[in-house]
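Everything on this sheet refers to the single structure shown next.
The values are calculated or read from the model by the stated rules, or taken from the named source; none is laboratory data. Owing to the predicted nature of the structure, the values given are computational and were not obtained by experimental measurement. Cβ sites come from the backbone with ideal geometry, for glycine too, and all protein chains shown count toward neighbours.
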Amino acid sequence: MVWRYGKGARSERELINLFSDHGFSVIRAAGSGVSSLSPDIIVFKKGVQYAFECKAWGSTSIGIQKDKMGALKEWEENTGITTMIAWRIGRVGWRFIYLSELDENPKSYTVSLVRALAAGRRFEDLVR
């Protein structure tokens, strides 16, 4: 668990630096990496705003627990800020998936690596 948290925190810092280097103002949520009612990272630049729940898993899919997904959807609705899953995929880079693109399962919401690569946005798509 500690290893996964460290990997996740490093990935969050990487994403923070990427957006900051492209002129975005960036906020990392307090409590990021633990049960939280808000996304991990929020970025702003001249009317463009995104919120991200960050994942850095070397797997064929990622999952978001139903209660966390509910909190993210509610947060997106309350703020009006587009909220996405930011998945750091090894040797590929970041892919950004809208919450609506995850599939609902009995215990969680998931997206496969294949789907994330096909439908997910790249970092360059968000900073144009």
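Please pick out the residue among SER59, SER20 that is loosely packed, with under 14 Cβ neighbours inside 10 Å and not in a loop (DSSP other than H, G, I, E, B). Lay out the reasoning, then the answer.
Working: SER59 fails: not in a loop (DSSP other than H, G, I, E, B).
One residue alone meets the criteria, SER20.
Out of all the residues in the range 45-62, is one or more in contact with a helix residue (DSSP H, G or I) (Cβ under 9 Å, 6 or more places away or on another chain), farther than 22 Å from SER112 by Cβ and among the polar types (S, T, N, Q)?
Within the range 45-62, one or more residues are in contact with a helix residue (DSSP H, G or I) (Cβ under 9 Å, 6 or more places away or on another chain), farther than 22 Å from SER112 by Cβ and among the polar types (S, T, N, Q).
For the range 3-12, check the following and say yes or no: at least one residue is modelled with pLDDT of 95 or more and acidic (Asp, Glu).
There is no residue in the range 3-12 that is modelled with pLDDT of 95 or more and acidic (Asp, Glu).
Looking at the range 24-35, is at least one residue over 15 Å from the mean Cα position of the chain (by Cα) and assigned to a strand (DSSP E or B)?
yes
Of all residues in the range 104-124 being exposed (fewer than 15 other Cβ atoms within 10 Å of the Cβ) and within 21 Å of ILE81 (Cα to Cα), which is nearest to the chain's Cα centre (by Cα)?
Among them, the one singled out is ARG122.
With the condition kept exactly as written, say whether any residue in the range 68-82 is assigned to a strand (DSSP E or B) and surrounded by fewer than 21 Cβ atoms within 10 Å (Cβ to Cβ).
Yes, the range 68-82 has at least one match.
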